[in-house]
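What follows is calculated from the coordinates using simple rules that are stated; it is not laboratory data. Nothing here was measured: the structure is a model prediction, and the numbers come from that model. For neighbour counting, all protein chains shown are included, and Cβ atoms are generated from backbone atoms with ideal geometry for every residue, glycine included.
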Amino acid sequence: MNKSKSKKNKQTSSIWGGRFKNDSSEIMKNINASIWFDKRLAYHDVFLSKVHSKMLYKQKIITFKENSNIQKGLKQIEHEIKNDKFKFSDDLEDIHMHIEARLIEIIGQIGKKLHTARSRNDQVATSFKMWIRDELDSILDLLKNLQKSLILQAEFHVNTILPGFTHLQPAQPISLAHHLLAYVEMLGRDRTRLEDARKRLNKCPLGSAALAGTSFPIDRFYTAKALGFDYPMENSIDAVSDRDFVLEILSDASIIMVHLSRLAEEIVIWSSPGFNFIKLPDSFSTGSSIMPQKRNPDAAELIRGKTGRVASAFYNVLTMLKGLPLAYSKDMQEDKEPFFDAIDNLKLCLYVSEGLIKEIIFNANSMKKMSELGYITATDIADWLVQKCDIPFRDAHSITGRIIKYAEKNNLTLNEISIDKFKEIDKRITKNILKVINLKNSLESRNSYGATAPVQVKKALKKAKTKWLK
Ligand code: ARG
């Protein structure tokens, strides 16, 4: 009985506590509190509040003195956050409430005016967009750095011959530089996708308040500009319920991870002793605790592994949003953890990929050996039989098949077959076939635009440098 009496008299401590008799139960705090992850928005939220307060003063909604006090208080809060002096607790739910409550603690009653003409709904959308914008800029830099390290390696390997694969079967000889430049193109598309998403994101929700806007004479164009946005968002309902920017960037991030994962997979394959195309740098490989001969590509495997994690963040938010009516619902707070996790891991993987590519040592001999054993100039023979010996392609294909069959049976590379033997297989074959099966000649012959001939690759390299590194 005593217990219930004391509960009745107790004042609630929440900021929204006016109409609530009791504090939240502990378990409610657990599910409700986002502070442990949204504290990452702290600086952006303080900056947002500074600008909002300035606007309130400019519009004569608060006085000069009130604004100066609020600015002072916010500055102190910023200082406390920077110096790890700011106290976080479950009781205050999220970063927005923390900052407001602390402001009131520091400057008193005036602090209560800061939340005039805004809501946490427009506030969180705005702070989150600002945070994402900064992250996008650093991801764009990381993508560029990775492109740079690929281009640097490519410059060394224009004439290095790699067996190009289809179905992971040796297919045709290609320039290693050409292969590396394929990734430069992929990452370039990733950059343009993010730049595009950034443009669409850069409209300001602030001033939309809870969902319907406000009766105060605010200036949304002023706050939008001061916070680095291009314009205010057009529709207040859309402004507080839109999370397309989260989805777009998570989908872009998933595509980047798929690209990194494919590169990682090649690194895993290439470093396996059966291939031995590359030597992994000590700094990015590990040994085995039991098998002394091992050098494991853990870094590449982890990039491959983390791809699922980033892609699932996209599905996570997509699924969270799909049934939500307009406008804001608390479900939307669930956008942050997967997003933060995805961005952290994406950045980590971009760093690691850059380091890996920079330090990998390519083994041209092993690539050449596999090229020869893989009969990757077979297409050249068939094409040559058509072009120079006037043999229809189907017949040419079958003659080439017989040549390969003979080589395989006798464990020979193509250039170990004598000209007499070639003639025995088909008497129309001349000694010029020896030039055709030569790897270098084969490489040089694929001289169409965007192809692998070193002449083309050199042009592509030059273009890539101006396009992506300037
Ligand atoms: N922490 C909340 C979030 O991240 C902020 C918005 C809360 N709004 C509200 N009406 N309860 O979504």
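The table below gives the values:
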| quantity | calculated |
| --- | --- |
| Per-pair calculated FRET efficiency, R0 = 60 Å: Ala171 and Lys225 via Cβ, rounded to 0.05 | 0.65 |
| Calculated log₁₀ intensity ratio I(q)/I(0) where the Debye formula runs over C-alpha points of the range 30-159, q = 0.19 Å⁻¹ | -1.06 |
| Length released on extending from Lys368 to Lys409, taking residue separation times 0.36 nm less the Cα-Cα span | 12.7 nm |
| Angle in degrees between helix 64-82 and the longest Cα principal axis of the chain, rounded to the nearest 10 | 50 |
| Spatial separation of Cα centroids for the range 173-230 and the range 241-301, in angstrom | 28 |
| Long-range HN-HN contacts of Gly164 with modeled amide H, under 5 Å | Ala171, Gln172, Ile174 |
| Distant-in-sequence amide H partners of Gly287 (H built 1.01 Å from N, under 5 Å) | Asn296 |
| Cα gyration tensor shape for the range 143-196, rounded if a/c is under 1.5, else prolate or oblate | oblate |
| Relative contact order for the chain, counting Cα pairs under 8 Å that sit 6 or more residues apart, in percent | 15 |
| Taking Ser442, Ser208 and counting other C-beta atoms within 10 Å, the order from fewest to most | Ser442, Ser208 |
| Largest-first principal axis extents, alpha carbons of the range 82-165, Å | 73, 28, 21 |
| Separation of the Glu26 and Lys423 label points, Cα + 7 Å toward Cβ, nm | 9.5 |
| Rounded tilt (10° steps) of 454-464 against the dominant C-alpha axis of the chain | 10 |
| Helix-only CD estimate at 222 nm, as mean residue ellipticity for the chain, using -39500 (n - 2.57) per DSSP H run (n ≥ 4) | -20000 deg cm²/dmol |
| ³J(HN,Hα), Karplus 6.51/-1.76/1.60, whole Hz, each residue of the range 345-362, x for Gly, Pro | 6, 4, 5, 4, 5, 5, 4, 5, 4, 4, x, 4, 4, 4, 9, 5, 10, 8 |
| Computed over the range 332-414, the ratio Rg/Rh where both radii use C-alpha atoms and Rh is Kirkwood | 1.40 |
| Equivalent-ellipsoid semi-axes of the chain, from the Cα gyration tensor, Å, largest first | 64, 23, 19 |
| Cα-based reach from Lys465 at 29 Å (exclusive), listing lysines while leaving out same-chain residues under 8 positions away | Lys144, Lys148, Lys199, Lys279, Lys347, Lys358, Lys368, Lys440 |
| Relative contact order for the range 388-470, counting Cα pairs under 8 Å that sit 6 or more residues apart, in percent | 16 |
| Unit Cα scatterers, Debye sum, the range 284-397: log10 I(q)/I(0) for q = 0.10 Å⁻¹ | -0.66 |
| Folded to 0 to 90 degrees: helix 95-107 orientation relative to the chain principal axis, Cα | 40 |
| Residue order, fewest to most beta carbons within 10 Å, for Phe37, Phe245 | Phe37, Phe245 |
| Beta bridges per DSSP with both ends in the chain, % antiparallel, nearest 5 | 80 |
| Average silhouette area of the range 298-338, convex hull of alpha-carbon atoms, in square nanometres | 3.0 |
| The range 46-77-the range 424-447 distance, computed between alpha-carbon centres (Å) | 78 |
